[in-house]
Amino acid sequence: MAVLNRLRSTFPLSGVVRAGKLTKELLRRCSANEVLVISHRDLDESAATQLMDVRPAAIINTEPSISGAYPVKGALQLLQAGIPLLETSANDFEKFLEGEEAIIESQAIRSGGYVIPCSVVTLERCSRVYERAVGQMDKLLLGFIANTLTYAEIEIAEVVRAHECPPLNVTIANRPVVVVSRGNGALNDLLVIAEFIRERKPVLIGVDGGADILRKAGFSPDLIVGDMDSVSDAALRGGAELVVHAYGSGNAPGLDRLVRLGLYAQAMRTPGTSEDMALLLAYGAEAELIVTVGMHTHMVEYLEKGRCGMGSTLLVRMLLGGRLVDAKGLSKLFKPKRREAICELPFP
């Protein structure tokens, strides 16, 4: 109750509304001190970290930030960083009009002529729901493993055939490759291996928003691959070679955006995630070593992505074998030097 009273004492708050049902798309166009309206059930750590970096006045979620379906830490992160987090009904999303001012009180939000009921998300409530979800992990894990093995059996033939990569301008054969995705802790892990990158000069592949993480660390991606839905326009226009992820049906949703930007790209048809595709591309192009940063590797991370198994990822990692080195979590063991933690390139 004390924390709730302390939160209420910060109200009223106000700011310009910036709204988006896809958090990763919203992150490309929001600014500090705005009121961000999202529709993100079970807010994951990676999204929360990026939202924190924006420094919003407040975040309004029209979905449960932590439902208890599985242990997810995004809401906890935001609250621990002191960012006000509120929730409204899913039906209220359309009432938040882009560019309108929102005045936030502890029980209601006034914006665009509407008075929208809301609730303040507290650290106590999130912690309680999180602990309850942790207690269900064994049951969750059994289902996740069963789904992983089922999908792996279905996708074996596709994965084995899928590493026929398109012809590329950048030379990968017999060179090390660093593949960066936008998973939690990716920037810090990337900074830990900055010396390796400077000395060995590997091919740098950004998986969607991983390209922006490379830029933020002071590096320029040689290739950008994936659905092209979480990467900035600036990164796409930065001169990297572009390869769009085409799924089993042949559909490549990322092409539409690139066409609108007037950019050329090739497509690579693979099963699984865009991260899987990036690894298969590097493997098919005969990379000497494949170092991954920010990749999704465990059950909770896959559940956060809306995936109930990781069959294709299991198969791809088996295929790559000893050529694969995962740098995930290295920053928990080794801290990057202070000078490496400073961005050398502007980050839009």
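Nothing in this text is a laboratory measurement; each read-out follows from the coordinates by a stated rule. If you're wondering where the values come from, they're calculated on a predicted model, not measured in any experiment. Every residue, glycine as well, gets a Cβ built from its backbone with ideal geometry; the counts of neighbours run over all protein chains shown.
Of note:
- Considering only the range 138-341, percent of DSSP beta bridges that pair antiparallel, nearest 5: 0 percent
- Antiparallel bridge percentage (DSSP; both residues within the chain; nearest 5): 30 percent
- Per-residue Cβ neighbour rank within 10 angstrom, fewest leading, D44, D229: D229, D44
- Cα-centre dipole for the range 37-119 with unit charges at Cβ (Lys and Arg positive, Asp and Glu negative), debye to 20: 160 debye
- Computed P(r) (all Cα pairs; the range 60-119; 10 Å bins; percent): 21, 49, 26, 4
- Whole-number Å³ per residue for the convex hull built on Cα positions in the range 1-141: 97 Å³
- log10 of Debye I(q)/I(0), alpha-carbon scatterers only, for the chain at 0.06, 0.08, 0.13 Å⁻¹: -0.23, -0.41, -1.06
- Considering only the range 157-255, percent of DSSP beta bridges that pair antiparallel, nearest 5: 0 percent
- Helix 123-134 and the long axis of the chain differ in direction by around 40°, with both axes built from C-alpha atoms.
- Total lysine pairs in the range 193-348 at Cα distances under 21 Å, for residues eight or more apart or on different chains: 9.
- Listed residue (M277, A47, L140) projecting farthest to the positive dipole end of the chain, Cβ model: A47
- For the chain, size of Cβ-based charge dipole, Lys and Arg +1, Asp and Glu -1, in debye: 760 debye
- Dividing the convex hull volume of the alpha-carbon atoms in the range 4-68 by its residue count gives 92 Å³ per residue.
- About its Cα centre, the range 174-287 has a charge dipole of approximately 240 debye under the convention of +1 per Lys or Arg Cβ and -1 per Asp or Glu Cβ, with nothing else charged.
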